[in-house]
Amino acid sequence: MEYTILILLLPFLSFLTLGLGGKWMSHRTAGLIGTVVLGAVAVLSYLTAGLYFSAPRLADGTYATLMPYNFTWLPFTPSLSIDMGILLDPISVMMLIVISTVSFMVHIYSFGYMKGERGFQRYYAFLSLFTMSMLGLVVATNIFQMYLFWELVGVSSYLLIGFYYTKPAAIAASKKAFIVTRFADLGFLIGILVYGYYAGTYTFHPNEMALVKGGAAMLPLALGLMFIGGAGKSAMFPLHIWLPDAMEGPTPVSALIHAATMVVAGVYLVARMFPLFIAYAPDVLHIIAYVGAFTAFYAASVACVQSDIKRVLAFSTISQIGFMIVALGVCTSSDPHHGGLGYMAGMYHLFTHAMFKALLFLGAGSIIHAVHSNEMSAMGGLRKYMPITHITFLIACLAIAGIPPFSGFFSKDEILTACFQFSPVMGWIMTVIAGMTAFYMFRLYYGIFWGTENKELHAGHTPHESPLTMTIPLMFLAAITVVGGWQTVLPFGHFISSNGTEYNIHLDWAVAGTSIAVAIAAIAMATYIYAGSKQPVANALARRFKGLWTAAYHRFYMDEVYQFITHRIIFACICRPIAWWDRHVVDGFFNFLAWSAEATSDEIRGLQSGRIQQYTFVFLLGTLALILLLLL
């Protein structure tokens, strides 16, 4: 499969072409280049998946791990080096499908959504760079190569979030995303260095001799530090604060970066290092599950009261990534039948969520394109103007709510089953959060498509359905969302499981029946509260629980907490004393040295007068002094 190098080279060449020559191209030409290249990448990715998963399994029932390319880039010792290459195994091949599919749909969609935007060519160049970075991350042959592309993903997200560089809010959001994830990535880098030192390698399989010499004891620390980087990218609490503000970027960017690819990088990291977690750091893995569960609950609570539709989806993404993290964290073994179900469930939900969350974000973009606002108060009654957007958005809402036969039901049910196997308490907690998901998504759905139309706002601009360039991706993603969970169409467990062997997905109807009942109850509650035109129940609840509603609307003041910690504690109590010491002590010491040198030179500069007579006189005096010393 040597051709797989093209999966990375093509988007990189697209980035160079559009980045360097875009200003001499028309919008249409630039968009066509980026889109055609991503179409080719998608074809190559699907070809790779077809060839890989159709190949015979090994004797132990697993798929072979292939490295079409691998070369030593930076050698340190005979056993420790940084390599660069391409690794193909079940989860990397699955991620190729996810990234290329969503990115290709976003490229097509952007033809309509970004039409006429200043910087259109630059936008497509950044999309190509981001896609190349994410593809390089998932096919990395070692943890250091993953880190290099990980940072490229961070740069790409900074560029795309700040695409509207004339908007102060977009500039602030891009800096916030970059700074928060860089702090998290410091933990990732330290973890990599600890891992390399004690494991004797940067590959995903530690050197056994190094482990025998005591390296195994340090692996939990290394893996825990690496997860900090994953928590930053995947917006886990308390490193989640950048993701809602990142919605300041173009809506297709939100679909690409913050729904389908970048934010699942942390989930992919844990999945990639899963054998090491199970073997050497199971307690760290369970801590990860608790972090994911709290994050899922926190984000779902905030999503229940947001009025900006993109921010509802942003907090929904944080919550759903929490589900995936929990699924991986509750694993207790590498046997999919006994404690390893969560691995398959987490990867399955990563796949299905990528499709229906991209559909939700692109649907939101279609709505914003029609009404020119993100606020639900500017919407209502749009189902009669936007039938395609309405139906596809409803399909995505049903999928994320866990209603059969849509894909989200099957993947979320497997996560809940894994949680109940781990602990009934964890199972019920995640079931309640799943119910909250159904509630806030149908609150969003009714607020957009039902209720009372804002006729005053729409008087000068009647909403209309989006062009085909925007609706075709919606219909394609909706089709995947409908059939993606059907085992006859996509037997996901046959391809990906915790130990690589074939796993037959089967529903636990005790869990599935409960989750369906909870979801239907939540949807019914949302219908009762929000489907009407006046929403008296919602207004009454907001007044009755004003304090809780206000706190949730302001994200439980986490941004204010960060502002207080950074400005009042770090800047005021740490940075200012350090700055004072630097100015008065360090600078003062060196200023004193400079003054002393200047004063001394001022005193002795007469010795260098340039007068021959003076030099001769001093020379004779020195000679006489030496003679006297010798005689004495």
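The values are calculated or read from the model by the stated rules, or taken from the named source; none is laboratory data. Since we're looking at a predicted model, the values are computed, not measured. Neighbour counts are summed over all protein chains in view; Cβ atoms, including those assigned to glycine, are modelled from backbone coordinates with ideal geometry.
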Worksheet entry | Criterion (surrounded by 24 or more Cβ atoms within 10 Å (Cβ to Cβ), under 23 Å from the mean Cα position of the chain (by Cα) and within 30 Å of ASN539 (Cα to Cα)) met by exactly one of GLY329, GLY346, GLY365, GLY342 | GLY365
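Is it the case that PHE571 is assigned to a helix (DSSP H, G or I) and on the phi > 0 side of the Ramachandran plot? Explain how you work it out, then say what you get.
Working: assigned to a helix (DSSP H, G or I): yes; on the phi > 0 side of the Ramachandran plot: no.
So PHE571 fails the test.
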Discussion item. Against the condition loosely packed, with under 15 Cβ neighbours inside 10 Å, within 34 Å of the chain's Cα centre (by Cα), among the aliphatic types (A, V, I, L, M) and more than 20 Å from ILE415 (Cβ to Cβ), how does LEU548 come out, does it pass?
Written reply: yes
Worksheet, complete the sentence: Scanning the stretch 93-120 for residues that are farther than 20 Å from LEU468 by Cα, crowded, with 23+ Cβ neighbours inside 10 Å and not aliphatic (A, V, I, L, M) gives SER100
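Of all residues in the stretch 342-381, which are among the hydroxyl-bearing types (Ser, Thr, Tyr) and out of contact with any Pro (no Cβ under 8 Å at 6 or more places or on another chain)? Spell out the reasoning first.
Filtering the stretch 342-381 down to residues among the hydroxyl-bearing types (Ser, Thr, Tyr) leaves 343, 348, 352, 366, 373, 377.
Residues satisfying the conditions are TYR348, THR352, SER366, SER373, SER377.
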Worksheet item: Only one of these conditions is not met by MET475: (1) crowded, with 17+ Cβ neighbours inside 10 Å; (2) closer than 25 Å to GLY50 by Cβ; (3) among the hydrophobic types (A, V, I, L, M, F, W, C). Which number is it?
Response: (1)
Worksheet item: So which of LEU276, LEU256, LEU243 ends up being more than 28 Å from MET114 (Cβ to Cβ) and in contact with a helix residue (DSSP H, G or I) (Cβ under 9 Å, 6 or more places away or on another chain)?
Response: LEU276
Fill in: Tabulated pairs, the stretch 276-297, first closer than 10 Å to THR332 by Cα and in the same structural domain as ILE325 (by TED's automatic domain parsing), second not in a helix (DSSP H, G or I) and not charged (D, E, K, R), C-beta under 6 angstrom, 6+ apart or interchain
ILE278/SER334
Worksheet, complete the sentence: Flagged in the stretch 155-200 as of a type in the set (Ser, Thr, Tyr), crowded, with 18+ Cβ neighbours inside 10 Å and more than 30 Å from ALA125 (Cα to Cα), in numbering order, are TYR195, TYR198
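State whether the residues of the stretch 51-72 include one that is buried (at least 22 other Cβ atoms within 10 Å of the Cβ) and either touching a Phe, Trp or Tyr at 6+ places or on another chain (Cβ under 9 Å) or at pLDDT 90 or above (or both). Break it down into steps so the answer makes sense when it comes.
Kept after step one, since they are buried (at least 22 other Cβ atoms within 10 Å of the Cβ), are these residues of the stretch 51-72: none.
Looking for residues that are buried (at least 22 other Cβ atoms within 10 Å of the Cβ) and either touching a Phe, Trp or Tyr at 6+ places or on another chain (Cβ under 9 Å) or at pLDDT 90 or above (or both), one finds none in the stretch 51-72, hence no.
Hand me the list of helices (runs of 4 or more DSSP H) wholly inside the stretch 457-565 holding 3 or more residues that are in contact with a Leu (Cβ under 9 Å, 6 or more places away or on another chain) and assigned by TED's automatic domain parsing to the domain that holds ALA300. Spell out how you get there, then give the answer.
Values: elements: 468-483, 492-495, 509-530, 536-544, 546-553, 558-563.
The helices (runs of 4 or more DSSP H) meeting that bar are 468-483, 509-530.
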